[in-house]
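Please treat every number below as a calculation from the coordinates, not as lab data. These numbers come from a predicted model, not from an experiment. With ideal geometry, Cβ positions are generated from the backbone for all residues, glycine too; neighbour counts draw on all protein chains shown.
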Amino acid sequence: MGTNRTDSQVKFCLYCTKDFGDGSREHFVPQALGVSVPTNPFLITNVCDRCNKLLGKFVDGPFSRNFLIQNHRANLSRRFVNLSVGEAMPLSYMGNINKSIEYVGHDCDFYIGPTGDAVYHFHLPYPELHFGGGPESVPFTFPSNTFDPGFVMLVVRATNPIWNKTIKNSVKNQFIQETKIYVVNRIVTPESKLLAMPVELEDLKNKIVNLGGKHEVQTTVNLDFDAREIAKMALGFGYLVMGDAFARSKDAQTIRDLLWAKSPEEKTKTIVRGAGVFSNQDASKDPVGWDSGHVFLLKDVGEALALHVNLFGQISATIQISSDQSLWMGKILSEGTIYILAPGLRKSVGPISVGDYLVVKGGHARSSEAFACLLDEANASPIQPPFDLPNEIS
Ligand SMILES: [Zn+2]
């Protein structure tokens with residue numbers, strides 16, 4: 001019985017089961033949830049290059065740029081952002097506002113920046129998509145020559161200059177390099193690499209100013225965005241805990257079927273218990289949730305091993321990973337195993353037991369020193385300066 005997992009044991013891809021030569025590094029918890037954490041334990045290497053690229057584009061992409069995820073990300077990063085280095089924050093995607101602003105032949109996507117800044121992205125319509133994904137999912141991951149990079153019109157909200165660098169970097173970070181960024185209501189310096197409003201866009205600028213921030217927003221919420229992502233995480237966590245034997249199991253194949261299902265019909269044929277319903281309701285009351293990051297719980301629920309995911313302390317989902325107890329016996333801590341990811345602090349903790357997690361989180365003991373330190377750090381994070389400077393002499 002091989003219990004030690006080595007990469008040489010697995011000669012096939014965890015996601016597609018095909019043999020491959022050199023595996024590529026794969027973060028099975030997506031970028032949007034903070035994989036830049038240096039101690040990120042959610043890294044595997046037995047994934048083929050093709051899957052890594054395809055799933056990055058069609059699973060992680062739509063997930064990361066989904067309305068719900070983007071807004072939770074923006075709120076979390078606002079708490080922990082490092083303004084002194086102008087750290088970039090994700091913009092909140094609000095939706096398409098073609099109904100409110102017309103610019104010949106162009107679509108307009110509307111985002112909100114770090115301090116409530118209005119960000120209008122005008123671009124030619126994107127190519128038709130397959131494999132799910134709303135309009136918000138396109139630009140990041142498509143080769144830049146296959147779509148129009150468009151241009152952005154930025155209306156800065158904050159008057160406190162301490163936010164300037166972060167606003168600028170956040171907007172730059174959201175779009176590809178070729179996208180021109182025009183600033184509507186500030187003077188731009190050449191060093192900023194931002195552009196002043198050109199004369200030919202004066203009419204469009206006036207339209208935006210006249211709107212006064214009132215838009216009719218149309219958001220395409222792709223209900224598929226989460227089922228595939230949680231299937232991917234389930235395969236990753238299953239492999240992390242149970243190794244090769246899980247990767248070759250029937251349960252892993254069932255999850256794979258969900259991951260690759262092409263149509264809603266095909267998806268409903270795949271019966272995975274609890275799959276992919278990220279619920280925004282009452283998830284904040286979920287005892288597993290933590291408002292400074294993400295919590296992943298692997299738990300023996302009787303005849304099955306389940307993965308429970310709580311993101312941002314706000315949304316949660318549960319999926320069955322395995323029904324073969326022999327695979328996880330002795331590999332799960334008593335009451336369940338927990339991993340914690342704190343993207344704002346660039347740290348992760350785990351595996352720790354559910355008992356330790358709840359005791360430390362409740363402030364009753366420091367039975368997991370690592371998690372206790374993480375909590376201390378999160379609680380000590382400074383309050384951000386105001387968006388506006390006081391308008392008075394004192
Ligand atoms: Zn593959």
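Brief remarks on what is shown
- Inter-probe distance in nm under a simple model that places probes 7 Å from Cα toward Cβ, at E392 and L83: 1.9 nm
- Put simply, segment 19-84 fits an ellipsoid with semi-axes of 27, 15, 7 Å; these come from the alpha carbon gyration tensor as the roots of five times its eigenvalues, largest first.
- Local net charge near T39, Cβ-Cβ under 14 Å (Lys/Arg +1, Asp/Glu -1): +1
- Among 78-90, 198-210, the peptide with the highest mean count of other Cβ atoms within 10 Å heads the list, and the full ranking is 78-90, 198-210.
- A simple charge model with +1 on the Cβ of Lys and Arg, -1 on the Cβ of Asp and Glu and nothing else charged puts the dipole of segment 84-211 at about 460 debye relative to its Cα centre.
- In segment 279-394, the convex hull through the Cα atoms has an average projected area of 10.0 nm², a quarter of its surface area.
- Label-point separation in nm, A196 to V209, each point 7 Å along Cα→Cβ: 1.5 nm
- Set of segment 322-354 residues, backbone N closer than 19 Å to the point 7 Å along the Cα-Cβ line of E377: 338-353
- Chain lengthening between N173 and R248 when straightened (0.36 nm per residue, less Cα-Cα): 23.1 nm
- A simple rule links phi to the HN-Hα coupling: the Karplus curve 6.51 cos²θ - 1.76 cosθ + 1.60 with θ = phi - 60°, which for segment 302-314 gives x, 9, 9, 9, 10, 10, 10, 10, 10, 9, 6, x, 10 Hz, with x for Gly and Pro.
- Sequence-distant contacts, meaning Cα pairs under 8 Å at least 6 residues apart, place the relative contact order of segment 84-211 at 26 percent.
- In segment 84-211, Rg over Rh equals 0.95, where Rg is the alpha-carbon radius of gyration and Rh the Kirkwood radius from pairwise Cα distances.
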